[in-house]
1. I'd like the FRET efficiency for Lys143 and Ser118, computed as 1/(1 + (r/R0)^6) with the beta carbon distance as r and R0 of 25 Å, rounded to 0.05.
2. With the Cα gyration tensor of region 18-58 in hand, convert its eigenvalues to equivalent ellipsoid semi-axes via √(5λ) and list them largest first in whole Å.
3. Would you mind telling me which residue in Val111, Val122, Val149 has the biggest mean-square fluctuation in a Gaussian network model of the chain, where springs connect alpha carbons within a distance under 10 angstrom?
4. Give the distance, in whole Å, between the Cα centre of region 110-128 and the Cα centre of region 35-79.
5. How far, in nm, would the chain grow between Asn97 and Glu67 when pulled straight, counting 0.36 nm per residue and subtracting the alpha carbon separation?
6. Report the Rg/Rh value for the chain, based on alpha-carbon coordinates and the Kirkwood definition of Rh.
7. Name the longest site-free stretch of the chain, where the excluded sites are chymotrypsin sites (Phe, Trp or Tyr not before Pro) in a DSSP loop with no more than 14 other beta-carbon atoms within 10 Å.
8. State which entries of Lys21/Lys148; Lys9/Lys126; Lys35/Lys119; Lys4/Lys115 exceed 28 angstrom in Cα-Cα distance in the structure shown.
Amino acid sequence: EEWKKLGAKFDGILTGFVTDKAQLEIISDFIDEFKDENTLVVADPIMADNGALYDGYDMQMCDVIREFCFKADVITPNTTELAILANKGNFDVLNENWVNDYSNIEKSLNVLYKKGLSKIVVTGYKENGAISNIIFDNGEISKVTSEKVGGYFSGFNRFAFKRKISCRSLQMCR
C-alpha cells in the first residue's frame, strides 16, 4: 500500500522460488498493481531440476506456476521446468535423459509458444562438456554456450544467466 501511495514505478519485476499458491497470489496481485507498459516481468518458475521435482512440490503446484508464467514477459525455466510447463500431466518428462534431449526442448518451446509464451530463456542445457542457455524469441532459437568448469551447483546457472547474458538476451523485450 505504501508504494502505491508513493506512486512507485518499476522498470522490472523478477520472481523466483515460491512456496505455495497463497504466496504466488500475493506476487500476482503485486504485478497486476505495478506492471505498466514500461515494466519487464521475468518469471523464474523454480520447481524442479535434473528431471525431478524439488521436495515439497507436486504437479498441482506446478500447474499453478504454469498459469502464473503467462503474466511474465520472459520466463527462465531450466530444462526440467520447461518440460513440466509444456507437458502438463505427462510424468514421462520427469527424467534427466528426456529433459536434456535437444529435440524435446525444441518441441516444448514450440508448445509454449503456441499457448502464448513467446520469450523464454532455458537455462542449464548440458551438451558435450558445455552448458548452454537457449534463447527463444518469438519462434527464433539461439544459444549462449560456455565450457562447464567444476562441479554442479544448483541455482548457479540461473545466477550466470542473470549476470552474463541478461542484457543481451532481454534486449528482445524492449
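1. In this case the efficiency is close to 0.90.
2. Numbers: eigenvalues 132, 36, 3 Å².
Equivalent ellipsoid of region 18-58: 26, 13, 4 Å, largest first.
3. Of the options given, Val149 has the highest mean-square fluctuation.
4. 12
5. Details: separation 30, 0.36 × 30 = 10.80 nm, distance 2.58 nm.
Gain on stretching Asn97 to Glu67: 8.2 nm.
6. Here Rg/Rh amounts to 0.96.
7. 55-151
8. From the list (Lys21/Lys148; Lys9/Lys126; Lys35/Lys119; Lys4/Lys115), the Cα-Cα distance tops 28 Å for Lys21/Lys148; Lys9/Lys126; Lys4/Lys115.
Every number in this text was worked out from the coordinates using simple rules, so none of it is lab data. Small disclaimer: the values here were computed from a predicted structure and weren't measured. Backbone-built Cβ (ideal geometry, glycine too); neighbour counts: all protein chains shown.
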